Amino acid sequence: MVRAIVGANWGDEGKGKVTDVMASESDVVVRFQGGANAGHTIINEYGKFALHLLPSGVFHQHVVNVIGPGVALNVDALLKELAALEERGVPTPQLKVSDRCQVMLPWHIDFDRFEEERLGKNSFGSTKSGIAPFYSDKFAKVGIQVCQLYDEALLRERLSIELVKTNCLLEHLYHKPPIDLEDAVSCLKELGEKLHGYVCDTTRLLYEANKAGKVILLEGQLGTLRDPDHGIYPYTTSSSPLAGFGCVGAGVSPASIKDIVCVTKAYSSAVGAGPFVVRLSGEEAEELRKRGGDAGEYGATTHRPRDVGWFDAVATRYGVMVQGATELVITNLDVLGYLDEIPVCVAYETAQGERITDFPNTPVLMGCKPIYEKLPGWKCDIRGITEYSKLPEACRAYVDFIESTCGVPVKLVSNGPKREETLVRQR
Ligand code: GDP
């Protein structure tokens, strides 16, 4: 059985925590897209961690953690993360890397930086982790798969063709020194050697695991609104964070996905460029930002302050619809305990003054303003509560509101960043 854990919004919804919680009853956790460009914060008995590339099952010894073929694999970042876990006393996790996964080439990261510099104020808010150049090369079919790292002649042939174009751009567009073919070949051979012990046919592994009745979690990175097709293009990422893409990026049958767990925060947060209708400013923003997450709303990879806003029902309903969610998890519910009344965005007003409740395309979205309603606050700290029924009535009513506006059952709520701060919703 396959269960996807994906983000309803702009990312940073708390998928890492939810995956860590759900991994205890799962056998395999798979990353299926993205790379080291975003972080999942996890707090458990080993301490606090920001995972970037490692699947969030790495804290469970019984879990096989898989880097699927859809991932942008930065080999050094992966191995550094693994070593950092071991240094902090986490037992060595089981890790498998798809032989069809493609590797982030050192110049992808350079190109990401050069391109953001070139675009200046028109840049897309890249984390400069090489993601866009990586996926451009992948779909232009000039990328390098892990399995190709072990065939030096093939590697040299592919690189010699590819580097003609890369070096032309480096020299003439960005005015930087060219890449030497032999240096590139030996760098990639070295990456292959470092990875060797982890590489296998993960598609077969997942097929066998599913056939044997194991529970497989697909762990999404970012959220619906960063999807290149369905999100706020061009302020999106370069691979699809949708559960539907999980089948492709991990390598499992679409028919095997039984649960699509969509994670949303009790308020909104986004990092990077692009329209964000509920963006707050001034003191109101600062207060929510300071109280949000486990230590304020600052990006796990970039430490950039996140934009924050109230819960956006228009965006979340859309996010849940596009993901095809079968259940919803609400995180960061504890954060709102300081408010007398909690504004929620129930509709948008377009630039033409029309009230809309369906999430529009990006040009229309750019001109939208939020329309708020207020729900009663609960004015207390709900951290430490261990049963859903003990939550204040107004807090449960807030959960009911999100459930009814999204039309998907809320099965879990999170009332703190720690693993045990998770409540199963009873009705
Ligand atoms: P992910 O990328 O979706 O895994 O999310 P991030 O880890 O980037 O961001 C989620 C933030 O919320 C992190 O700081 C988490 O530690 C924090 N977090 C998750 N659940 C809760 C919760 O219920 N309450 C609070 N206060 N923080 C939470």
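The values are calculated or read from the model by the stated rules, or taken from the named source; none is laboratory data. Given the structure is predicted, the values throughout are model-derived calculations rather than measurements. Note that each Cβ is placed from the backbone with ideal geometry, even for glycine, and that neighbours are counted across all protein chains shown. In case anyone asks, the SASA skips ligands and DNA or RNA and just uses the protein heavy atoms, side chains included. Shrake-Rupley method; radii C 1.70, N 1.55, O 1.52, S 1.80 Å.
A search for C-beta distances below 7 Å between a residue of the range 307-318 that is in the same structural domain as Leu375 (by TED's automatic domain parsing) and under 10 Å from Arg279 (Cα atoms) and any residue that is open to solvent by less than 10 Å² (accessible area, probe 1.4 Å) and assigned to a helix (DSSP H, G or I), counting only pairs 6+ apart in sequence or on different chains, returns Val308/Ala285; Val308/Leu288.
For Arg355, the conditions (1) open to solvent by 60 Å² or more (accessible area, probe 1.4 Å); (2) within 16 Å of the ligand (Cβ to nearest atom); (3) over 24 Å from Glu286 (Cα atoms) all hold with the exception of (2). In the range 386-409, the residues that are modelled with pLDDT of 95 or more form Cβ pairs under 6 Å with partners that are surrounded by 12 or more Cβ atoms within 10 Å (Cβ to Cβ) and small (Gly, Ala, Ser), at six or more places apart or across chains, as follows: Thr405/Ala313; Val408/Ala325. Where residues in the range 375-427 are in a loop (DSSP other than H, G, I, E, B) and either under 20 Å from Tyr318 (Cα atoms) or small (Gly, Ala, Ser) (or both), which of them is farthest from the ligand (Cβ to nearest atom)? My answer is Gly407. Among the residues of the range 198-231, those identified as within 16 Å of the ligand (Cβ to nearest atom) and either at pLDDT below 95 or not in a loop (DSSP other than H, G, I, E, B) (or both) are Leu217, Leu218, Glu219, Gly220, Gln221, Leu222, Gly223, Thr224, Leu225, Arg226.
Any chance you could count how many residues in the range 13-30 are more than 12 Å from the ligand (Cβ to nearest atom) and either without any contact (Cβ under 8 Å) to a residue 40 or more places away in the chain or crowded, with 24+ Cβ neighbours inside 10 Å (or both)? Qualifying residue count for the region: 5. Restricting the range 151-197 to residues that are among the acidic types (Asp, Glu) and under 16 Å from His108 (Cβ atoms) leaves a set whose member that is modelled with the highest pLDDT is Asp183.
Residues that are in contact with a Leu (Cβ under 7 Å, 6 or more places away or on another chain), surrounded by fewer than 24 Cβ atoms within 10 Å (Cβ to Cβ) and among the small types (Gly, Ala, Ser) do occur in the range 59-81.
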